[in-house]
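Enquirer: Input: one structure, supplied below.
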Amino acid sequence: MAARKVLKLGDPVLRKISQEITEDETKTKEFKKLIKDMFDTMKFENGVGLAAPQIGVLKRLVVVGVENSERYPGTPDIEEKILINPVITPLAPVGAGFWEGCLSVPGMRGLVERPNKIKIEWYDEKWGQHSEIIEGYKAIVYQHECDHLDGVLYVDRLKDTKLFGYTDVIDTQGNELD
Ligand code: ZN
């Protein structure tokens, strides 16, 4: 278990653009260790996903995966995946509202609207190419994580700063947007 420290909002590294990963890089021992550390960190923090810049590595790499999420009770499970150089194309207008949180913004939630349907293309750790159309909660999670690769945090996408606050205080009921 090698959970790494998660950078928090305010750290300038979280605001940088991450670099594309090359196929050669994926064959290195360091890269394999990085992927393992990412999963260890995500699980240790009870996250649903984690982007490499969150542990201070400015590479276009995201891991996702959770069963019976403690942080987001009642949400569907997300299959474990390694997304290298992911590219997202929205296939729906911005509209689905979800109370997002982030391991880099601990203890807080904010209502963010995003497209409910996307196409995502990526490479896996064996450099296999993938393309998938996804909808709903999973599409929200993927967009949130991929935003990190461009230095964007969900707090940048709040529609209304009044719908943002501490998880144990803010009323997330009755505020769903259309
Ligand atoms: Zn995040």
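Each reported figure results from applying straightforward, stated rules to the coordinates on display, with no laboratory input. Values in this document were obtained by computation on a predicted structure and should not be read as measured data. Neighbour counts are summed over all protein chains in view; Cβ atoms, including those assigned to glycine, are modelled from backbone coordinates with ideal geometry.
Enquirer: For segment 13-27, what does the Karplus curve 6.51 cos²θ - 1.76 cosθ + 1.60, with θ = phi - 60°, yield as ³J(HN,Hα) per residue in whole Hz, taken in order and with x for Gly and Pro?
Expert: 4, 5, 9, 8, 8, 7, 8, 5, 9, 9, 4, 4, 4, 5, 8
Enquirer: For the chain, set up a GNM with springs between Cα atoms under 10 Å and report which of Q129, Q19, Q54 has the largest fluctuation.
Expert: Looking only at Q129, Q19, Q54, the biggest GNM fluctuation is shown by Q129.
Enquirer: Treat each spin label as a single point 7 Å out from the Cα along the C-beta direction, and report the E70 to E25 distance in nm.
Expert: 3.2
Enquirer: At what distance in angstrom do the alpha carbon centres of segment 65-98 and segment 10-49 lie from each other?
Expert: 17
Enquirer: L91's amide H: which non-local residues (gap 5+, or another chain) put their own amide H closer than 5 Å, with H modeled 1.01 Å from N in plane and none for Pro or chain starts?
Expert: The answer is K117, I118, K119.
Enquirer: Against the longest alpha carbon principal axis of the chain, how many degrees, from 0 to 90 and to the nearest 10, is the axis of helix 137-148 turned?
Expert: 60
Enquirer: Taking the DSSP beta bridges in segment 12-166 as the whole, what percent of them are antiparallel, to the nearest 5? If you can, show how the numbers build up before the last one.
Expert: Working: 31 of 32 bridges.
Percentage antiparallel, nearest 5: 95.
Enquirer: Also, I was wondering about something else. Could you list the trypsin sites (Lys or Arg not before Pro) in segment 62-135 that lie in coil according to DSSP, counting only those with at most 13 other Cβ atoms within 10 Å of their Cβ?
Expert: Those that pass, being in a loop and sparsely packed, are K126.
Enquirer: Could you check which residue among K59, K27, K43 shows the biggest mean-square fluctuation in a GNM of the chain with a 10 Å Cα cutoff?
Expert: Per the Cα network of the chain with a 10 Å cutoff, K27 tops the list.
Enquirer: Right, something else. Normalising by the residue count of the chain, find the relative contact order in percent from Cα pairs under 8 Å and 6+ residues apart.
Expert: Rounded, it is 22 percent for the chain.
Enquirer: Please list, short to long, the whole-number percent of alpha-carbon pairs of the chain in consecutive 5 angstrom bins beginning at zero.
Expert: Taking all Cα pairs of the chain, the binned fractions are 1, 8, 17, 22, 23, 16, 8, 3, 1, 0 percent.
Enquirer: Moving on. When the chain is fully extended, how far beyond the present Cα-Cα distance does K16 get from D168, taking 0.36 nm per residue of separation?
Expert: 51.7 nm
Enquirer: Convex hull volume of the Cα atoms in segment 1-81, per residue, in Å³?
Expert: 99
Enquirer: Evaluate E = 1/(1 + (r/R0)^6) for D156 and E121, where r is the Cβ-Cβ distance and R0 equals 22 Å; express this FRET efficiency to the nearest 0.05.
Expert: The computed FRET efficiency comes out at 0.40.
Enquirer: Between the helical axis of 29-44 and the dominant principal axis of the chain, each derived from Cα atoms, what acute angle in degrees is found, rounded to the nearest 10?
Expert: In the chain, helix 29-44 runs at an angle near 20 degrees to the longest axis.
Enquirer: May I pose another question? Which residue, E132, E80, E45, tops the fluctuation ranking in a GNM of the chain built on C-alpha contacts under 10 Å?
Expert: E132
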